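Chemist: Following this message is one structure expressed as structure tokens.
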Amino acid sequence: MLCSMRNTVSALHIKWNYFGVDAQHLANGLWYNTTLITLDLGCNQIGDVEVQHLADVILHNTTFTTLHIGWNQIGDVGAQHLADVLRYNTTLITLDLQQNQIGNVAAKHLANVFRHNTTLTILDLGGNYIGDVGAQHLADGLRHNRTLTKLSLKNNQIGDGGAQHLADGLRNSTTLTKLSLKNNQIGDGGAQHLADGLRNNTVITIVSSSM
């Protein structure tokens, strides 16, 4: 079907289908697609093995701008596959990875994306397991990023320590306009660190808001 539609379809939404391992067949079909811009694969039981096939497509695809793969079963290994190819991708603008199983190990690889990728502007990592260590990795990456405008880290078990690292990253950010930190474990101390980080930053306008 994908082959027959490859010259006409620009958006494909197959959310809530739970096709899991069939993601490989989908990836094989997308390999030759030259028109698809938006792909939504949310809630499909996609894990680390399946996302590797999708990562291979992203590496070679030159039309994708939006990829939604939230509410799946992607862990650190799968997120690393994505991070490896995103370092070289020049078309993807929006990546939704919310509600997966991504921890601080994957956060380190995604931070490397911040350093090298020049097109990604929106990244949703809400509802994962980033924690304070992962927040530190992402903050380090933000120091070198000049394209990301929206980052969601809500529901990620981030505490005051993670907030302090993020505040340090915010001091050097010149493009980030929206950072979501809802429903974490940030107390008064962390809030103060964030306030201090924003004091010398004239770009970031919203912190702790939903995306």
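Chemist: Looking at the stretch 125-132, can you tell me whether even one residue there is at pLDDT 95 or above, surrounded by fewer than 23 Cβ atoms within 10 Å (Cβ to Cβ) and either in contact with a Leu (Cβ under 9 Å, 6 or more places away or on another chain) or small (Gly, Ala, Ser) (or both)?
Modeler: yes
Chemist: Within the stretch 125-134, can one find any residue that is over 23 Å from THR90 (Cα atoms), touching a residue at least 12 places away in the same chain (Cβ under 8 Å) and in contact with a strand residue (DSSP E or B) (Cβ under 7 Å, 6 or more places away or on another chain)?
Modeler: Scanning the stretch 125-134 turns up at least one residue that is over 23 Å from THR90 (Cα atoms), touching a residue at least 12 places away in the same chain (Cβ under 8 Å) and in contact with a strand residue (DSSP E or B) (Cβ under 7 Å, 6 or more places away or on another chain).
Chemist: Looking only at the stretch 153-175, count how many residues are at pLDDT below 90 and not polar (S, T, N, Q).
Modeler: 2
Chemist: Considering the stretch 181-198 alone, what residues qualify as being part of a helix (DSSP H, G or I) and either at positive phi or surrounded by 16 or more Cβ atoms within 10 Å (Cβ to Cβ) (or both)?
Modeler: Listed by number, the residues that qualify are GLY190, ALA191, HIS193, LEU194, GLY197, LEU198.
Chemist: Filter the stretch 116-154 for residues that are under 14 Å from the mean Cα position of the chain (by Cα) and basic (Lys, Arg) and give the result.
Modeler: Those that are under 14 Å from the mean Cα position of the chain (by Cα) and basic (Lys, Arg): LYS150, LYS154.
Chemist: Considering only residues that are among the small types (Gly, Ala, Ser), in a helix (DSSP H, G or I) and within 23 Å of the chain's Cα centre (by Cα), look in the stretch 1-33 and name the one that is modelled with the highest pLDDT.
Modeler: ALA27
Chemist: Quick one: would you say THR118 is of a type in the set (Val, Ile, Thr) and within 25 Å of ASN155 (Cβ to Cβ)?
Modeler: Answer is no for this residue.
Chemist: Another question, if that's okay. Mind telling me which of the residues LEU41, LEU36 ends up being under 25 Å from GLY127 (Cβ atoms) and either under 22 Å from the mean Cα position of the chain (by Cα) or at pLDDT 75 or above (or both)?
Modeler: After applying the criteria, what remains is LEU41.
Chemist: Within the stretch 66-110, count every residue that is in a loop (DSSP other than H, G, I, E, B), crowded, with 21+ Cβ neighbours inside 10 Å and not hydrophobic (A, V, I, L, M, F, W, C).
Modeler: Of the residues in the stretch 66-110, 5 are in a loop (DSSP other than H, G, I, E, B), crowded, with 21+ Cβ neighbours inside 10 Å and not hydrophobic (A, V, I, L, M, F, W, C).
The values are calculated or read from the model by the stated rules, or taken from the named source; none is laboratory data. These numbers come from a predicted model, not from an experiment. Cβ sites come from the backbone with ideal geometry, for glycine too, and all protein chains shown count toward neighbours.
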